[in-house]
Amino acid sequence: MEDLSLHLLDIVENTTAAGATLVEIYVRQDSEKNRLSITVRDNGRGMDLDMLARVRDPFTTTRTTRRVGLGIPLLEQACHEAEGHLDIMSEPGSGTEVTAIFRVNHIDCKPLADIGLTLVTLIAGNPDIDFKYESNIDGDKITMDTREIKTELDGIDIADPEVLALIRNLFQKRRVNSSRHTAGGQINGEIED
Amino acid sequence: MAKLKIEDLRRIKESKKGTVNLREGVYRAKVTVHMGTCGIAAGARTVMNTLMTAIGEKKTDDVILTSSGCAGLCSQEPMMTVEVEGLSPVKYVYLDEEKTMKIFREHVIGGKPVAEYAITMGSETTY
């Protein structure tokens, strides 16, 4: 994966395969604390302790459920490369929460890149699933909830090109501003959870 | 705080009044982009974006776009399956923007499958 927005797309595709009807995505970047976190929470079927223990292993794959495979290991690798880590919390029947943490000004921290494209791709590909998205990139906040959008649209397809264009537009400003890392951050700063 | 404006959504709703929601099963063509880890790493999002843009620009009102998981042919990603009413579904492999556009024009819109990019024709299903 070239950037974190592609990892995000991949991880969320996992949650849809787990039967989720609501996926919440939280992106928080605090450059002063040298920390970037991406959280994906779903209300899918969840995993038991045994599966949870094996889910990071790339060679653990259950083709029938498609809940595991290379998605989690690749994301964890991306975290480790940027001196971060990956937390996974899950319980059968109560969904899964995955949080990827990165040291944001680490030279090997992948850029977030086009989160807006990831979001519209998810919405277009899974119009029956609801997505809640909130990001705070050093104080620059974006929020979106497909449940609210669907209520307003009142039966019009949320994957309509005009609606998707509106959603992408939310991200235009941030994409221009976030041209990679801010200079002079704390190289040796600790990552705070 | 960037947030969608309710008036923008209402404007779209008004402009679409009387049109039919394609998801309710009244589409002529369905395009499924395979979005497993393999597909995404190989460029499936670009394929999806190309199709979203093409559908928006052409103002086609009878094509639906959706995504699915890995189809088990990871080495041939990015892939998509095109189902056009009255024709057998076709799975396309090794896609890029250019191939996707050609398939969109000739198969999705024109109804003529692009054999040179197809993995096989005649017995494909969507996963």
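Numbers at a glance
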item	result
Conditions (1) at pLDDT 90 or above; (2) more than 8 Å from every other protein chain (Cβ to nearest Cβ); (3) out of contact with any strand residue (DSSP E or B) (no Cβ under 6 Å at 6 or more places or on another chain); number of the one not met by residue B:40	(2)
Given (1) more than 8 Å from chain B (Cβ to nearest Cβ); (2) more than 19 Å from residue A:1 (Cβ to Cβ), index of the condition residue A:153 fails	(1)
Complete set of residues in region B:65-74 that are modelled with pLDDT of 90 or more and either of a type in the set (A, V, I, L, M, F, W, C) or out of contact with any strand residue (DSSP E or B) (no Cβ under 7 Å at 6 or more places or on another chain) (or both)	B:65
Options A:69, A:19, A:84; residue that is buried (at least 21 other Cβ atoms within 10 Å of the Cβ) and more than 16 Å from the chain's Cα centre (by Cα)	A:69
Which numbered condition residue B:88 misses (of (1) small (Gly, Ala, Ser); (2) in contact with a strand residue (DSSP E or B) (Cβ under 9 Å, 6 or more places away or on another chain); (3) more than 9 Å from every other protein chain (Cβ to nearest Cβ); (4) buried (at least 18 other Cβ atoms within 10 Å of the Cβ))	(4)
Residue B:114 vs. criteria open to solvent by less than 50 Å² (accessible area, probe 1.4 Å), in contact with a strand residue (DSSP E or B) (Cβ under 6 Å, 6 or more places away or on another chain), among the β-branched types (Val, Ile, Thr) and modelled with pLDDT of 90 or more	no
Qualifying residue in region A:30-45 (condition: within 25 Å of residue A:136 (Cβ to Cβ), in contact (Cβ under 8 Å) with a residue 60 or more places away in the chain and hydrophobic (A, V, I, L, M, F, W, C))	yes
Residue A:139 being open to solvent by 10 Å² or more (accessible area, probe 1.4 Å), out of contact with any helix residue (DSSP H, G or I) (no Cβ under 9 Å at 6 or more places or on another chain) and within 14 Å of another protein chain (Cβ to nearest Cβ)	yes
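This table checks each residue for (1) modelled with pLDDT of 95 or more; (2) within 11 Å of another protein chain (Cβ to nearest Cβ); (3) touching an Asp or Glu at 6+ places or on another chain (Cβ under 8 Å).
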residue: A:79; (1), (2), (3): yes, no, no
residue: A:83; (1), (2), (3): yes, no, no
residue: A:94; (1), (2), (3): no, no, no
residue: A:103; (1), (2), (3): yes, no, yes
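The values are calculated or read from the model by the stated rules, or taken from the named source; none is laboratory data. Every value quoted in this text rests on a predicted model; they were computed, and no experiment measured them. Glycine also receives a Cβ, built like all others from the backbone with ideal geometry; neighbour counts cover every protein chain displayed. Areas reflect the complete protein model, heavy atoms only, side chains present, ligands, DNA and RNA absent. Shrake-Rupley method; radii C 1.70, N 1.55, O 1.52, S 1.80 Å.
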